[in-house]
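Just so you know, all these numbers are worked out from the coordinates, no wet-lab data involved. Model, not experiment: these values are computed from the prediction. Because the Cβ atoms are built from the backbone with ideal geometry, glycine has one as well, and the counts that use them run over all protein chains shown.
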Amino acid sequence: MLRTATAVAAGALAPGCATARTDTAPVRASGAPPPGGTGPSGPGARPSGTATSGAARRARPPTRAPGLPVQIQHGPRRGDAVALTFHGQGDPKTAAALLGEAERAGARVTVLAVGSWLDEQPLMARRILDGGHELGNHTQRHLDLCALPAPEAYAEITGCADRLRKLTGTIGSWFRPSRTQYATALVTRLARKAGYPHVLSYDVDSLDADDPGAPAVQRTVLDRARAGSIVSLHLGHAGTVAALPPILDGLHRRGLRAVTTTELVT
Ligand SMILES: [Zn+2]
């Protein structure tokens, strides 16, 4: 699939986190609101459902997990927790629907936000935190980070960190590089320089960014996840929203809880 420009322009497609494609320019570099009129004050950006209102939750600073490697792929295998981690980009209404499903089931998730998405949807940062979820950095433009020269890669990391600091007061709890499951040694070093003690990888890829349908996403996650797993998923995909309740149900039946990544590893 070489032409995704139309879908990207419509805000319908967020490229997969681990798929280095050459056809995906930064989403809406103009900074214009997406077609359909859901700008920063649109309905998708409002807290809803069981999210707390009034007193805003504090954003956490970067998490340090003593005893774990710099690049974290999973948490303790002997516990009863898993972390569902989301590429943070896409239609805000779909993103808010996903958060609402998680909250209805008492689950907490981790959203690694793309900086350009936060520029378009600044209220989503607060919406995520107010739901009790965790927020992190997924680079400014979701480029193939490990292929960039050091200065450009560093600018991608700090660009998103600056957005997060401006919106929430911290640079976010976690950093995950874009378009790769694993950071290179260089990217890991740059992330540490930017203030993140760890790089957040994952051990389960839901493959949801390819939109295989909710049953396939559900099956992939439940087949592969076990205690300690960090699962890669994507906001902005309707199939992922539909898959979340049965995923949470399946985890619950196995005695597993979906918690924030910080809760998983500390
Ligand atoms: Zn991603």
| query | Using mean Cβ contacts within 10 Å as the protection proxy, how do 114-125, 63-74 order, highest first? | reply | 114-125, 63-74
| 15 Å beta-carbon shell around VAL187, net charge (K/R +1, D/E -1) | +3
| Sequence of SER206, SER173 once ranked by neighbouring C-beta atoms within 10 Å, starting from the fewest | SER173, SER206
| field | Point-to-point label distance, ASP249-ASP223, nm (Cα→Cβ direction, 7 Å offset) | value | 2.0 nm
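Roughly how big is the range 73-265's charge dipole about its Cα centre, with Cβ charges of +1 (Lys, Arg) and -1 (Asp, Glu), in debye to the nearest 20?
Using only the charged Cβ atoms, the result is roughly 560 debye.
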| Which whole-number percent of Cα pairs in the range 73-265 have a distance greater than 24 Å? | 33 percent
| query | Where Rh denotes the Kirkwood radius from the mean inverse Cα pair distance, what is Rg over Rh for the range 182-266? | reply | 1.03
